[in-house]
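Report on the structure given below.
Here, each number is a calculation from the coordinates, and none is a lab measurement. Because the structure is a prediction, the values reported are computed rather than measured. Cβ atoms come from the backbone with ideal geometry, glycine included; neighbour counts cover every protein chain shown.
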Amino acid sequence: MKYEICVDAEVNEYLEKLKQEDPALYSQLINAMKKLKEHPQRFKQLKGKKHMYSLRSGKYRILYYIEEEYVNVMIIGHRKNVYKFKE
C-alpha cells in the first residue's frame with residue numbers, strides 16, 4: 001500500500017525557507033520523506049505519544065502520524081529541539 005504524504009502548513013513554510021537557505025539539507029529531508037510512502041510504520045514510534053513516529057535524517061528528525069492512507073508530517077527540526085513539542 002502506498003501512503004500519501006500530507007505536510008503541515010508550518011512544516012511547508014519551513015521547507016520553502018530551507019529550499020532557499022540550505023538546498024542540500026532541503027534535498028536530504030525531501031528524500032527522507034519519500035521513504036514514508038511505502039512503510040511508514042517501520043520507523044521509530046515515540047514513547048508516550050500514541051500513533052506518533054520519528055524518521056531520522058542526519059541530525060534532523062521528521063515527526064509524523066499515520067491516519068488511514070495518509071502520513072501527516074507535523075514537525076521537522078534538529079534532533080536537539082524537535083521532541084520539545086505539545087500535542
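Between helix 9-21 and the chain there is an angle of about 30 degrees, using the helix long axis and the longest principal axis of the Cα atoms. Across the chain, C-alpha contacts under 8 Å between residues 6 or more apart give a mean separation that, scaled by the residue count, equals a relative contact order of 31 percent. Is the shape of segment 31-83 rounded, prolate or oblate, going by the alpha carbon gyration tensor and its root eigenvalues a ≥ b ≥ c, with a/c under 1.5 for rounded and a/b larger than b/c for prolate? Oblate.
Dipole check for the chain: with +1 at the C-beta of Lys and Arg, -1 at the C-beta of Asp and Glu, and the Cα centre as origin, the magnitude is about 680 Debye. Rounded to the nearest 10 degrees, what's the angle between the helix 23-34 long axis and the longest principal axis of the chain, both from Cα atoms, 0 to 90? Computed tilt is about 10 degrees.
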